[in-house]
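**Student:** This is the structure I want to talk about, given as structure tokens.
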Amino acid sequence: MVVKEVEKRKEIAVKAALEAGKMLKENFGRISGIKTKSDRNLVTDLDLKADEIITNIIKKAFKDDNILSEERDIPELTAEYTWIIDPIDGTHNFIRSIDIFGVSVGVAQGDKVIAGVIYMPISGELYSAVKGKSAYCNGNEINVSNKDLSSSTLIFDSTIHYNRDAMLTSLGSLADKVFNVRMLGSTVRGLGYVADGKADLEVEYNDKVWDFAAGLLIIEEAGGKVTDLEGKEWNIKTQGYVASNGVMHDEVIRIING
Ligand code: IPD
Ligand code: CA
Ligand code: CA
């Protein structure tokens, strides 16, 4: 990993997330076009506009890099670096004028995520990390909490309908053991909270790489632990995972695997 190359990309990721976030904040509560992408999956004209802002900034700075965005066709990943973009994470909140949504921009070298930025436009929190270089929110270094499972706040996947029986069983077993549970409707919102110690673990069953690429790196760089649901290493193809402060991680993997 050439640090200068990564740092340059992180700066562009910050710029892109801030620009897209500014536009989203200006238009918050004023959505016009809503389309159905698939069953229970909506997209707005502003998801597409945010995507355009982000990809234009990236293309101007790094024209040869791959761009993998939720709102674009999946490209062939032939270049060394891949940008991984979720222009609005929490679209269904955004549509209902709930201010829990964020912009996520990650960068992978090969299949390893090496930089990540999450911007929460309404609160103004800007999370960022470069692999091996700690995690930050608005310029201040952040760290995960040190709470154990019994005093923890669990953030759980909101798309229960994805795999209802398995997810409800898992939620039921964890609900007995944690202090309280939150479902936020935005993966990146939860991952930011775990990274800066406001929550202690997040369990997701049904995510795509653009939901978690930036956030999982930020949690690891904040001192947390991330694995897939079986306790194995995560990668860009992972769908379900546990992202925690590390303290209760192995215990949680045991519980959800019953
Ligand atoms: C969704 C949100 C939601 C998660 C879904 C994601 P989107 O992303 O992060 O919290 O449970 O799996 O698809 O569609 O708002 O970008
Ligand atoms: Ca998303
Ligand atoms: Ca999205």
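**Student:** Tell me which of these V117 doesn't satisfy, since it passes every other one: (1) more than 16 Å from ligand 1 (Cβ to nearest atom); (2) assigned by TED's automatic domain parsing to the domain that holds F28.
**Tutor:** Of (1) more than 16 Å from ligand 1 (Cβ to nearest atom); (2) assigned by TED's automatic domain parsing to the domain that holds F28, only one is false for V117: (1).
**Student:** Tell me the residue from L77, L46 that is at pLDDT below 95, within 21 Å of L126 (Cα to Cα) and not charged (D, E, K, R), please.
**Tutor:** Of L77, L46, the one residue that is at pLDDT below 95, within 21 Å of L126 (Cα to Cα) and not charged (D, E, K, R) is L46.
**Student:** Could you give me the residue pairs with C-beta distances under 6 Å whose first residue belongs to segment 198-218 and is within 13 Å of ligand 3 (Cβ to nearest atom), whose second residue is assigned to a loop (DSSP other than H, G, I, E, B) and of a type outside the set (V, I, T) wherever it lies, and which are 6+ apart or on separate chains?
**Tutor:** What qualifies is W210/E70.
**Student:** Exactly one of (1) surrounded by 17 or more Cβ atoms within 10 Å (Cβ to Cβ); (2) more than 10 Å from ligand 3 (Cβ to nearest atom); (3) of a type outside the set (G, A, S); (4) under 30 Å from K4 (Cβ atoms) is unmet by T78. Its number?
**Tutor:** (1)
**Student:** Here's something else I'd like to know. Of the residues that sit in segment 146-194 and are within 13 Å of ligand 1 (Cβ to nearest atom) and in a strand (DSSP E or B), which one is nearest to A222 (Cα to Cα)?
**Tutor:** Of everything passing the filter in segment 146-194, I155 is nearest to A222 (Cα to Cα).
**Student:** Another question about this same structure. State whether the residues of segment 202-214 include one that is of a type outside the set (A, V, I, L, M), away from ligand 2 (no atom under 16 Å from the Cβ) and within 14 Å of the chain's Cα centre (by Cα).
**Tutor:** The answer is no, given that none of the residues of segment 202-214 is of a type outside the set (A, V, I, L, M), away from ligand 2 (no atom under 16 Å from the Cβ) and within 14 Å of the chain's Cα centre (by Cα).
**Student:** For segment 6-25, state whether one or more residues are of a type outside the set (F, W, Y), free of Cβ contacts under 8 Å to residues at least 60 places away in the same chain, touching a strand residue (DSSP E or B) at 6+ places or on another chain (Cβ under 7 Å) and more than 24 Å from M183 (Cβ to Cβ).
**Tutor:** No; the residues of segment 6-25 include none that is of a type outside the set (F, W, Y), free of Cβ contacts under 8 Å to residues at least 60 places away in the same chain, touching a strand residue (DSSP E or B) at 6+ places or on another chain (Cβ under 7 Å) and more than 24 Å from M183 (Cβ to Cβ).
**Student:** State all residues of segment 34-69 that are assigned to a helix (DSSP H, G or I) and free of Cβ contacts under 8 Å to residues at least 24 places away in the same chain; if no residue qualifies, say none.
**Tutor:** Answer for segment 34-69, where residues must be assigned to a helix (DSSP H, G or I) and free of Cβ contacts under 8 Å to residues at least 24 places away in the same chain: D45, E52, N56, K59, K60.
**Student:** Might you check whether a residue that is crowded, with 23+ Cβ neighbours inside 10 Å, aliphatic (A, V, I, L, M) and either closer than 18 Å to F212 by Cα or away from ligand 1 (no atom under 14 Å from the Cβ) (or both) occurs anywhere in segment 91-102?
**Tutor:** no
**Student:** Among (1) away from ligand 3 (no atom under 16 Å from the Cβ); (2) over 17 Å from G116 (Cβ atoms); (3) of a type outside the set (S, T, N, Q), which single condition is G185 missing?
**Tutor:** If we test G185 against (1) away from ligand 3 (no atom under 16 Å from the Cβ); (2) over 17 Å from G116 (Cβ atoms); (3) of a type outside the set (S, T, N, Q), just (1) comes out false.
**Student:** Residues to consider are G124, G102, G110, G106; find the one that is outside the structural domain of K237 (by TED's automatic domain parsing), touching a strand residue (DSSP E or B) at 6+ places or on another chain (Cβ under 9 Å) and on the phi > 0 side of the Ramachandran plot.
**Tutor:** Criteria check complete, one pass: G110.
**Student:** Pick from V103, V113: which is of a type outside the set (D, E) and over 14 Å from L217 (Cβ atoms)?
**Tutor:** Every option except V103 fails the conditions.
**Student:** Moving to a separate point now. Out of G215, G172, G197, I need the residue that is at pLDDT 95 or above and at positive phi. Which one?
**Tutor:** Residue meeting the stated conditions: G197.
**Student:** Additional query: Out of the residues in segment 189-204 meeting the condition of being within 18 Å of E251 (Cβ to Cβ) and not acidic (D, E), tell me which one is surrounded by the fewest Cβ atoms within 10 Å (Cβ to Cβ).
**Tutor:** V203
**Student:** Another question about this same structure. List the pairs whose first member sits in segment 114-132 and is under 15 Å from E26 (Cα atoms), whose second member is assigned to a loop (DSSP other than H, G, I, E, B), and whose Cβ atoms are under 7 Å apart, counting only residues at least 6 apart or on separate chains?
**Tutor:** I122/F28; I122/D99
The values are calculated or read from the model by the stated rules, or taken from the named source; none is laboratory data. Bear in mind the structure is a predicted one, so any value in this text is a computation, not a measurement. Ideal geometry is used to build each Cβ from the backbone, glycine not excepted, and the neighbour counts take in all protein chains shown.
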